[in-house]
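For reference, the structure discussed in these notes is given below.
The values are calculated or read from the model by the stated rules, or taken from the named source; none is laboratory data. Keep in mind that this is a model prediction, so the values were computed, not measured. For neighbour counting, all protein chains shown are included, and Cβ atoms are generated from backbone atoms with ideal geometry for every residue, glycine included.
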Amino acid sequence: MNYPKLTNVQANALVLLRILIGWHFLYEGVIKAYNPSWTSRGYLLSASILKPFFAWLASDSFISVIDSLNIIGLIAVGISLLIGIKIKWGCIAGILLLILYYLAHPPFPGLPQGPAEGSYWIVNKNLIEMAALFVIYQFPLTSVFGLGNLFSKNKVNTSIN
């Protein structure tokens, strides 16, 4: 696959973005894992749209599995992006998690605002982080900085100047 040529500054900026998002995911997962009273039930039950789906996820039969999957997903995505192993998979998983978070409480006009930081109109941090992960997905950043490149049989040449 032909990748665009990146300058060192561009490549390092993308790696920095990857690491910052990875830190955010890892922190959110760890903080939830160490809080024994944390559950996603309230967040899911207060969903603005797709209420039946999110209420089903919050049901007594699923909530412990959903909470565990949420924590594991956040930590796995965080580690992937932070240290640079399976970055593409980390981006995809992160985007899927963020889609669910966004759909549970979309910042659309006329809908009640859920547990969000600030007031938004269509665009919130979940959507921005989702777009950033989509951008990161487009580039082979393990060859710039990441442990994944150490274990790769086919070393990626990104043509970075």
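Considering only residues of region 30-48 that are within 19 Å of Gln113 (Cβ to Cβ) and in a loop (DSSP other than H, G, I, E, B), which is modelled with the lowest pLDDT?
Within region 30-48, the match that is modelled with the lowest pLDDT is Ser48.
I'd like the full set of residues that are assigned to a helix (DSSP H, G or I) and of a type in the set (Asp, Glu), limited to region 49-91. Even if it seems obvious, please write down each step before you answer.
Taking region 49-91 as the starting set, the residues that turn out to be assigned to a helix (DSSP H, G or I) are 51-57, 63-83, 87-91.
Matches in region 49-91: Asp67 only.
Which numbered condition trips up Ala116, out of (1) surrounded by fewer than 20 Cβ atoms within 10 Å (Cβ to Cβ); (2) of a type in the set (A, V, I, L, M); (3) modelled with pLDDT under 95; (4) under 20 Å from Val135 (Cβ atoms)?
(4)
Go through (1) in contact (Cβ under 8 Å) with a residue 60 or more places away in the chain; (2) within 18 Å of Phe25 (Cα to Cα); (3) crowded, with 16+ Cβ neighbours inside 10 Å; (4) not acidic (Asp, Glu) one by one and return the number of the condition Leu100 breaks.
Checking Leu100 against (1) in contact (Cβ under 8 Å) with a residue 60 or more places away in the chain; (2) within 18 Å of Phe25 (Cα to Cα); (3) crowded, with 16+ Cβ neighbours inside 10 Å; (4) not acidic (Asp, Glu), the one that fails is (1).
Exactly one of these conditions fails for Ile75: (1) within 23 Å of Leu57 (Cα to Cα); (2) in contact with a helix residue (DSSP H, G or I) (Cβ under 9 Å, 6 or more places away or on another chain); (3) at pLDDT below 90. Give me its number.
The one condition Ile75 does not meet is (3).
Among the residues of region 72-90, are any farther than 25 Å from Arg41 by Cβ, loosely packed, with under 15 Cβ neighbours inside 10 Å and out of contact with any His (no Cβ under 7 Å at 6 or more places or on another chain)?
Going residue by residue through region 72-90, those that are farther than 25 Å from Arg41 by Cβ are 79-90.
Imposing the further condition that a residue be loosely packed, with under 15 Cβ neighbours inside 10 Å reduces the set to 89.
Cutting the leftovers down to out of contact with any His (no Cβ under 7 Å at 6 or more places or on another chain) gives us 89.
Yes, because at least one residue in region 72-90 is farther than 25 Å from Arg41 by Cβ, loosely packed, with under 15 Cβ neighbours inside 10 Å and out of contact with any His (no Cβ under 7 Å at 6 or more places or on another chain).
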